[in-house]
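The structure under discussion appears below in the form of structure tokens.
The values are calculated or read from the model by the stated rules, or taken from the named source; none is laboratory data. Keep in mind that what you see is a predicted model, and the values were worked out from it rather than measured. Cβ: placed from backbone, ideal geometry, glycine included. Neighbour counts: every protein chain shown. Accessible surface is based on the protein model in full, side chains and every heavy atom, while ligands, DNA and RNA are left aside. Shrake-Rupley method; radii C 1.70, N 1.55, O 1.52, S 1.80 Å.
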There are 4 protein chains.
Amino acid sequence: VFDHIDGGAECEVTLTQNREGFDDISLLPRALMHVTQPDLATSVCGIRLGLPFICAPTGLVGAAHPDGELAASIAAPEIGAKALVSTHATYSLEELALGAPEMPWFQLYPPADRDFCTALLERALVTKVPLLAVTVDVPVPGNRERDVAHRYSIPPKVTPKNAWSVMSHPTWALRLVRNPRIFPKNFVGGSDRVRYREVIPLLRKSMGAMSPRVDWDDLDWLRSQWPGPLLVKGILRSEDARRAVDAGVDGIVVSNHGGRQLDGVPASIRVLPSIVESVGSDVDVLLDSGVRRGTDIVKALCLGAKACLVGRPWVYGLAAGGTEGVRAVLGVLRDELVRTMVLLGCSSVKELSPEYLWTSSK
Amino acid sequence: VFDHIDGGAECEVTLTQNREGFDDISLLPRALMHVTQPDLATSVCGIRLGLPFICAPTGLVGAAHPDGELAASIAAPEIGAKALVSTHATYSLEELALGAPEMPWFQLYPPADRDFCTALLERALVTKVPLLAVTVDVPVPGNRERDVAHRYSIPPKVTPKNAWSVMSHPTWALRLVRNPRIFPKNFVGGSDRVRYREVIPLLRKSMGAMSPRVDWDDLDWLRSQWPGPLLVKGILRSEDARRAVDAGVDGIVVSNHGGRQLDGVPASIRVLPSIVESVGSDVDVLLDSGVRRGTDIVKALCLGAKACLVGRPWVYGLAAGGTEGVRAVLGVLRDELVRTMVLLGCSSVKELSPEYLWTSSK
Amino acid sequence: VFDHIDGGAECEVTLTQNREGFDDISLLPRALMHVTQPDLATSVCGIRLGLPFICAPTGLVGAAHPDGELAASIAAPEIGAKALVSTHATYSLEELALGAPEMPWFQLYPPADRDFCTALLERALVTKVPLLAVTVDVPVPGNRERDVAHRYSIPPKVTPKNAWSVMSHPTWALRLVRNPRIFPKNFVGGSDRVRYREVIPLLRKSMGAMSPRVDWDDLDWLRSQWPGPLLVKGILRSEDARRAVDAGVDGIVVSNHGGRQLDGVPASIRVLPSIVESVGSDVDVLLDSGVRRGTDIVKALCLGAKACLVGRPWVYGLAAGGTEGVRAVLGVLRDELVRTMVLLGCSSVKELSPEYLWTSSK
Amino acid sequence: VFDHIDGGAECEVTLTQNREGFDDISLLPRALMHVTQPDLATSVCGIRLGLPFICAPTGLVGAAHPDGELAASIAAPEIGAKALVSTHATYSLEELALGAPEMPWFQLYPPADRDFCTALLERALVTKVPLLAVTVDVPVPGNRERDVAHRYSIPPKVTPKNAWSVMSHPTWALRLVRNPRIFPKNFVGGSDRVRYREVIPLLRKSMGAMSPRVDWDDLDWLRSQWPGPLLVKGILRSEDARRAVDAGVDGIVVSNHGGRQLDGVPASIRVLPSIVESVGSDVDVLLDSGVRRGTDIVKALCLGAKACLVGRPWVYGLAAGGTEGVRAVLGVLRDELVRTMVLLGCSSVKELSPEYLWTSSK
């Protein structure tokens, strides 16, 4: 489970470059600016955020801890951030509507099966999902070789190594047995417990949600079906960003899926400037992939992003301590943001610009 | 034997750069392109390939597993790829003609000894070899220091370390004893078993096939002798590529012999664009050296190659599991190609172009 | 304690780049220049230095060895260098005036609390502090995660790991018990021993000295209050340097606080040329952060610095051997400077210029 | 002793860059050039060399093996190379004249003490030294910290660690006791055995030979005193090369003393082109520092060097096997040169040029 969260595709070249991309950018602070309480508020598609980051959608995190996506949906609003929950969440939209203090944002895949998608959109309307993000970089799942090596799969295959791994983490195993959040709940309809013989068709349906059989027409259709704000997630190419804007989306998430899809694509922070330039001020641009620190978020905002999606950090927090763990991680991020802004001498994230970056002629 | 396959020349600078060359190239996908079954077919010198890769010629692989070159000759066509078999194969042309479902391509060295070469060409005609590749980067063997360190040689020298190594791999040793494929069969004529006192003259003859005593006239002569398609393998310099085209060859294989010859030459993927530019559309350009993944093949095709030669991967597969192992490796490569094309949003390898690559001003 | 001295902020990217910045600069010697006793004397703000380096101000070094800041104040003048002592020193100004052969330079923070600052300036005048340096890059302390991991704090928290660490260094512990120099003495007023219940208000006051609530007006005020030479320490941006010159300071210390404040800022040696260019010959420019060797100092001087601040090296020397250890470290630095100048063929540090650096078109 | 030979100055940045400098240069071969017996002959200052390399002068190598400098003086001419023997050799000029098949070249330092130098030059004339090289980059010895760490010194200091090291290499120790070649013989005059009380003045005299008290006038004087060919060794700066040519030298050795003097100077292979350009065809340029392979020598020759000095390799050979070991090492270098030229498709080292190098726009 750890390697499924931590790993990337194939040689993990992109996973590595996501970090190098941030490390190659240098911040250039202003001295003596009397910044004490920097304003960290931003807005995405007209929605106000107290903090410029969002818990990224990651599938099936209930395997790490039964608090699953509910943890992010509770902890993020508490601190002023947002949670964006995956279609493949181990909590259904309805469960989140009941359990979370405010409805999280919702991620889905382009409508390969329009009937299923229509039903899902209706449930999202009923549960008052404030913003929808459609992920366009998973026509097929990436080749995550750590998963292959561990024979990681849903439903889990029982191998001696896996069995040993489960037995050597008894707390985790016990939690999982008591509250087995390992299936994508949105695909189960109303039923509370998944019976084992329903698993295979359930998984087939959920995999079908990620399909290569979708194109720009499907985005147009989705746009016509969803009245609220719509983000497109997984854009790396300026012309795709432009085309999405033409299709009427409200925002672009520059992302390489955390280095988990096509290995060898550039770090998303490196392509961010070209995307920002291509869409101008027409829509909001967000950044995903490789964000681990407050300084990373500040760098992305300097380069024109409105906010960042943060994936692995909150899932590590979840795995370590459930909702409390997510709270701790998000708190660290907020503290890092405050400290970075103070040290940078910038009083508001809205003022961040390339002026705060250093470039050498090196 | 492992280090003979895995190693490169001297400091292995070129071996390392072959990989860095690929890692430095970034792919830039298109989103929402509805690619489900990408067309992987290409053509080389007018011959259709279902997959854009070819098992590269490597000498004496029978030492790794008695299935030897026959394994590639069986597994490659099954999947739509091709096998290109070395003159120094442990299976003779005639054995391959009998054992393989379709005759593999055949690699030879420029004609140092024209009589021997004429005989070989006649045997190639008789066995209906569809394509000939002449290797021009082995005037003398490279300095592979891992071989020197292990006292790797043909015939094998018996040292305590070697003896121990053989004894600690009993399955491999037993297979080798039952079917000792360790000599270059094409040099033995018709005889099925090599007697020990014939070994030295046999080796002398086979080493003579690789000779510094050859030049462009020999290529002209070979061209005049061989009616079928002819590739030149081992070109790194644009003017040599141009000159080979003038000599009437049908294709160029950009190659540094997998980093096994002159250490310190550039990665072949890095010189590919200059070769493609210099020969234009006159002949097909192929790429060899450093190819390990589907993404590598896609990158080479983006830069103008028609197909790639894949060496070490299939030999690792052979060593691990004979023909079945080669099948598995080639299947992985095909799956990686399909996945890469889908994730890239490109429906046919013929459409690959620099448009799918990302370049920064970094 | 070691990690507190040795570590940097967050991922220590800046800490690492401080060294890479120096390593990327190549020296280009002149041959046969007959340099035997190179002149190492420089001047900073009109004060003559026999050697072009200064012991950098580091807080609370008494925890490493009770000789603390007094060690630098004794050892530096002996050799011709200077000591710049932190406001957070474990020796008060008055103790240093009594104990040191010449009064060291004094570092303070911008006046968040002007009354306290006025009192401190008066004490500095009384003790005849020859030069004042105001540190402007600590609006809040940096995020030094090695400290977080070790629960390093003042006053120290007792944890089993800390207790074990103390017990396994009995000499150090004994010295500390006999002469507990772990509190910032300048905040205690006249009292010789700190009672434990005074610790918290004392620390609160001392942390208040580093405050985000300061701006350029406070620098103006400080300038108006201090009649002697005034350095501004912690400048990385040309416009800030220019602005400080306009405020009437006598010198600029280019510094990233040894990579201990905002992680991700550039190496100070890399921004030095832009600062030197922006202030021209109006004021002296000094360099801090990353200086470990005589060659580092020579490189900085080639790029326009008048002198360097050296932090960690003297504190390592202190930790290893008290005043004697600092003497040894400073002696090594002087010897390296002499050797470097002789090998460079340059007879005076005043003649160092970009002429002695090598730049490739690489 | 090993670390004295293997190590470099301070952080060994230059030592490392000497290798990186070569690795950054790529060779670009020509195919099908029919090169079988490449001509490796070159000339330096009108003297014919069968191979384009010279055993570099290294002091006191007798400590590694009693065969010392005599080994190089015997093995180099046998194979067609040359030996350049240090003033600090453990064999005197007279011993070499007696023992070597042809008189080696001789290295000395600029004349700090003209009387001693005159005497040495007379002895060089008497022993028919064919070429003199004057080393100009050792005004003082470099700071070799591995030596400092091991307390390496002449005469050796006895420390428990040293004693243990000697005892654990009994063969080496026994050889040393039988034929204690650890003192610079040229300073002893005629006496065969050094008495222990003469050691200190002897060393003082020999250290005086390396002196910062020399300048360009001393080079002029030396030029006027020595009728034969004269090389200047240790030039990194074009204007120094030009000035040496004006002083009438016959050749320039671009060298950073193998990274053993000023740490932080550029790799000599990186400055070679600027030196070659500055002196044009007026004198011969040679390269020293970092040469380990035949490919290194070929790269240097492509960039305009007439020959290379090879230091550590022959001393490793000496340490491993005396004269026989040096023979083996030089043979490997010759074989690598032959193989490299054949693989490069170049029939004579005189034809090597930048045409055989690859440069990318990367």
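Against the definition (touching a strand residue (DSSP E or B) at 6+ places or on another chain (Cβ under 7 Å), more than 14 Å from chain C (Cβ to nearest Cβ) and either open to solvent by 10 Å² or more (accessible area, probe 1.4 Å) or among the polar types (S, T, N, Q) (or both)), how does A:S92 come out, yes or no? Taking the combined requirement at face value, the residue does not satisfy it. The number of residues in segment B:270-304 that are open to solvent by less than 10 Å² (accessible area, probe 1.4 Å) and assigned to a loop (DSSP other than H, G, I, E, B) comes to 3.
From the list C:V44, C:V85, C:V1, C:V13, the lone residue that is over 17 Å from C:A305 (Cβ atoms), of a type in the set (A, V, I, L, M) and open to solvent by less than 10 Å² (accessible area, probe 1.4 Å) is C:V85.
Keeping to segment B:216-232, report how many residues are within 10 Å of chain D (Cβ to nearest Cβ) and open to solvent by less than 40 Å² (accessible area, probe 1.4 Å).
If we filter segment B:216-232 for residues that are within 10 Å of chain D (Cβ to nearest Cβ), which is where we start, we get B:216-219, B:232.
Then drop every residue that is not open to solvent by less than 40 Å² (accessible area, probe 1.4 Å), which leaves B:216, B:218-219, B:232.
Adding up the residues that qualify gives 4.
If you go through segment D:223-245 one residue at a time, how many are farther than 16 Å from D:A305 by Cα and among the hydroxyl-bearing types (S, T, Y)? Final tally of qualifying residues: 1. Among the residues of segment A:321-362, those that are out of contact with any strand residue (DSSP E or B) (no Cβ under 9 Å at 6 or more places or on another chain), facing chain C (nearest Cβ under 10 Å) and within 19 Å of A:L49 (Cα to Cα) comprise A:V332, A:D335, A:E336, A:V338, A:R339. The residue pairs whose first member lies in segment C:132-145 and is assigned to a loop (DSSP other than H, G, I, E, B) and open to solvent by 20 Å² or more (accessible area, probe 1.4 Å), whose second member is modelled with pLDDT under 85 and among the aromatic types (F, W, Y), and whose beta carbons are closer than 9 Å, counting only pairs six or more residues apart or on different chains, are C:R144/C:Y152.
Suppose the filter is away from chain D (no Cβ under 14 Å) and either closer than 22 Å to C:L132 by Cβ or open to solvent by 40 Å² or more (accessible area, probe 1.4 Å) (or both); does C:P66 pass it?
Details: away from chain D (no Cβ under 14 Å): yes; either closer than 22 Å to C:L132 by Cβ or open to solvent by 40 Å² or more (accessible area, probe 1.4 Å) (or both): no.
Answer is no for this residue.
Residues in segment A:222-263 that are modelled with pLDDT under 95 and over 13 Å from the mean Cα position of the chain (by Cα): A:Q261, A:L262, A:D263.
If you go through segment D:149-161 and keep only what is open to solvent by 40 Å² or more (accessible area, probe 1.4 Å) and at pLDDT 75 or above, you end up with D:P160, D:K161.
For segment B:260-311, the candidate set comprises residues that are out of contact with any Phe, Trp or Tyr (no Cβ under 8 Å at 6 or more places or on another chain) and polar (S, T, N, Q); within that set, the residue that is farthest from the other protein chains (Cβ to nearest Cβ) is B:S281.
Listed conditions (1) among the hydrophobic types (A, V, I, L, M, F, W, C); (2) under 24 Å from A:L70 (Cα atoms); (3) open to solvent by 50 Å² or more (accessible area, probe 1.4 Å) are all met by A:M167, apart from (2). Under the condition of being away from chain C (no Cβ under 14 Å) and on the phi < 0 side of the Ramachandran plot, the residues counted in segment D:118-144 number 14.
Determine if segment C:6-25 includes at least one residue that is within 30 Å of C:M167 (Cβ to Cβ) and of a type in the set (A, V, I, L, M). Yes; the residues of segment C:6-25 include at least one that is within 30 Å of C:M167 (Cβ to Cβ) and of a type in the set (A, V, I, L, M).
Scanning segment D:39-52 for residues that are touching a residue at least 60 places away in the same chain (Cβ under 8 Å) and either out of contact with any Pro (no Cβ under 9 Å at 6 or more places or on another chain) or acidic (D, E) (or both) yields D:D39, D:S43, D:L49, D:L51, D:P52.
If you check B:T58 against the conditions, is it hydroxyl-bearing (S, T, Y), in contact with a helix residue (DSSP H, G or I) (Cβ under 8 Å, 6 or more places away or on another chain), under 20 Å from B:D137 (Cβ atoms) and open to solvent by 10 Å² or more (accessible area, probe 1.4 Å)? Against the criterion (hydroxyl-bearing (S, T, Y), in contact with a helix residue (DSSP H, G or I) (Cβ under 8 Å, 6 or more places away or on another chain), under 20 Å from B:D137 (Cβ atoms) and open to solvent by 10 Å² or more (accessible area, probe 1.4 Å)), B:T58 qualifies.
Residues checked against (1) touching a helix residue (DSSP H, G or I) at 6+ places or on another chain (Cβ under 9 Å); (2) closer than 18 Å to B:M103 by Cα; (3) at pLDDT below 95; (4) away from every other protein chain (no Cβ under 14 Å):
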| site | (1), (2), (3), (4) |
| --- | --- |
| B:E10 | yes, no, yes, no |
| B:Q17 | yes, no, yes, no |
| B:L28 | yes, no, no, no |
| B:H34 | yes, no, yes, no |
| B:P38 | yes, no, no, no |
| B:T42 | yes, no, no, yes |
| B:G46 | no, yes, no, yes |
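Looking at A:S238, A:S211 in this structure, which one is among the polar types (S, T, N, Q), open to solvent by 10 Å² or more (accessible area, probe 1.4 Å) and farther than 22 Å from A:A300 by Cβ?
Details: A:S238 fails: farther than 22 Å from A:A300 by Cβ.
Step by step, each of A:S238, A:S211 is checked, and only A:S211 is among the polar types (S, T, N, Q), open to solvent by 10 Å² or more (accessible area, probe 1.4 Å) and farther than 22 Å from A:A300 by Cβ.
Residue check, D:P266 against (1) surrounded by fewer than 18 Cβ atoms within 10 Å (Cβ to Cβ); (2) assigned to a loop (DSSP other than H, G, I, E, B); (3) touching a residue at least 40 places away in the same chain (Cβ under 8 Å), all met but one. Which one? Status for D:P266: all satisfied but (1).
Anything in segment A:233-259 that is more than 11 Å from every other protein chain (Cβ to nearest Cβ) and assigned to a loop (DSSP other than H, G, I, E, B)? List them, or say none. Full working, then the answer.
Start the filter on segment A:233-259 by keeping residues that are more than 11 Å from every other protein chain (Cβ to nearest Cβ), which leaves A:242, A:245-246, A:248-251, A:253-254, A:258-259.
Passing the criteria: A:G248, A:V249, A:D250.
Answer yes or no as to whether D:A112 is closer than 24 Å to D:W221 by Cα, away from chain B (no Cβ under 14 Å) and at pLDDT below 90. Taking the combined requirement at face value, the residue satisfies it. No other residue among D:L337, D:L333, D:L309, D:L318 is open to solvent by less than 10 Å² (accessible area, probe 1.4 Å), in contact with a Cys (Cβ under 9 Å, 6 or more places away or on another chain) and either part of a strand (DSSP E or B) or of a type in the set (A, V, I, L, M, F, W, C) (or both) apart from D:L309.
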